[in-house]
Amino acid sequence: MNRVTSLAALRRAAAATASLSRNQAAPLSSSSFTTPHFLPRRLIHHSGSASSASHSLSPNSIAGTMFFSVAAAASLSQEAHAKESLHSNLFNDVVLYQYEACPFCNKVKAFLDYHNIPYKVVEVNPISKKEIKWSDYKKVPILTVEGEQMVNSSDIIESLYKKMHPEGSSMNTEEEKKWLRWVDDHLVHVLSPNIYRTAGEALESFDYIASHGNFGFMERMMAKYAGATAMYFVAKKLKKKYNITDERESLYQSAETWVDALKGRAFLGGSKPNMADLAVFGVLRPIRHLQSGKDMVEHTRIGDWYARMEKVVGESCRVIV
Ligand SMILES: N[C@@H](CCC(=O)N[C@@H](CS)C(=O)NCC(=O)O)C(=O)O
């Protein structure tokens, strides 16, 4: 799931299921952008009205993320925790080229969702990458705003922030920067070994993915078993690469480290989230209701913060076209 090694792995998983390809990810010019793959959340249309997600799963994003609505969030004051004011008028025609499973893409999505910026999604085929052939940059996320390309998750977020704050207010405090680095250098590496830790968990992850796609029964079964098998082995390699001995312990420690960083504040940013809050939330959101995420919430103190984040980030601003 994470970075080049896991992306290569994801490609292998996708290749294993390539024969299933019924729907290639839609190119930008197509009228059918890929719809949210695994989102039981309600999505916002152009008009701002919410509707149930129509689920479709591109087989090429078979190792895609699993998003869930969280359990009841803590009741909080509207004022302190209101979602950021609407910036949608600043950003027209925002398109995110992504892999659903990519933690860097999920960081960007958390930023967009929190700031109420509507965006379309183009799911990139991890093997052919044909959807981003037009770009010299060969990774995701790529964000375009009215055709202008932005790359690299942190740079994308910074550019968006600067557009929102043209007066030049500084984006990150030193503390925020430190935790943003921690997300990219540490947290993202802990996830894959956890969600594909056992055969059962790998199947759980892919079962959820496949069942929220538009596979036929046979395709779903094949995607589930091929993807889960591939990612199970990949997760073992990642574990070794990042010197993880006990993946759950590592996940719990990361969660506790984050809660310690909060130092009793509702968010790292104080009464409202800062960029580090959004980044941590973004990368954890896909796993929250998998066994690993449930274990994490049960065995650590992160649940309250997560629930607060879920509440302030709110509905996805992903646009269905
Ligand atoms: N530093 C970049 C990292 C982006 C990255 O490594 N993306 C992965 C997907 S998670 C990727 O596109 N890898 C290359 C590939 O798939 O070939 C960022 O923060 O956006």
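Results, tabulated for the structure shown:
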quantity	calculated
Close pairs (7 angstrom Cβ cut-off, 6 or more residues apart or separate chains): among the small types (Gly, Ala, Ser) in the stretch 126-155, surrounded by 20 or more Cβ atoms within 10 Å (Cβ to Cβ) anywhere	SER135/ILE142; SER153/PHE104; SER153/LYS107; SER153/VAL108; SER153/PRO141; SER154/LEU180
Failed item in (1) assigned to a loop (DSSP other than H, G, I, E, B); (2) within 18 Å of the chain's Cα centre (by Cα); (3) free of Cβ contacts under 8 Å to residues at least 60 places away in the same chain, with ALA255 passing the rest	(1)
Meets criteria (among the aromatic types (Phe, Trp, Tyr), at pLDDT 95 or above and closer than 19 Å to ALA110 by Cα) for TRP182	yes
Members of the stretch 100-125 found to be β-branched (Val, Ile, Thr) and in a helix (DSSP H, G or I), listed by number	VAL108
Hits in the stretch 105-125 - residues which are within 13 Å of the ligand (Cβ to nearest atom), closer than 30 Å to GLU310 by Cβ and in contact with an Asp or Glu (Cβ under 8 Å, 6 or more places away or on another chain)	GLU123, VAL124
Number of the condition not met by LEU112 [criteria: (1) without any contact (Cβ under 8 Å) to a residue 60 or more places away in the chain; (2) within 11 Å of LEU96 (Cα to Cα); (3) hydrophobic (A, V, I, L, M, F, W, C)]	(1)
Any hit, the stretch 280-300, residues being surrounded by fewer than 18 Cβ atoms within 10 Å (Cβ to Cβ), under 18 Å from ALA101 (Cβ atoms) and in contact with a Gly (Cβ under 9 Å, 6 or more places away or on another chain)	yes
Every residue from the stretch 105-154 that is under 20 Å from PRO273 (Cβ atoms) and charged (D, E, K, R)	LYS107, LYS109, ASP113
Helices (runs of 4 or more DSSP H) contained entirely in the stretch 126-211, each with at least 2 residues that are within 15 Å of the ligand (Cβ to nearest atom) and surrounded by 16 or more Cβ atoms within 10 Å (Cβ to Cβ)	153-164, 174-182, 188-195
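The values are calculated or read from the model by the stated rules, or taken from the named source; none is laboratory data. Here the structure is a predicted model, which means the values were calculated and not measured. Cβ atoms come from the backbone with ideal geometry, glycine included; neighbour counts cover every protein chain shown.
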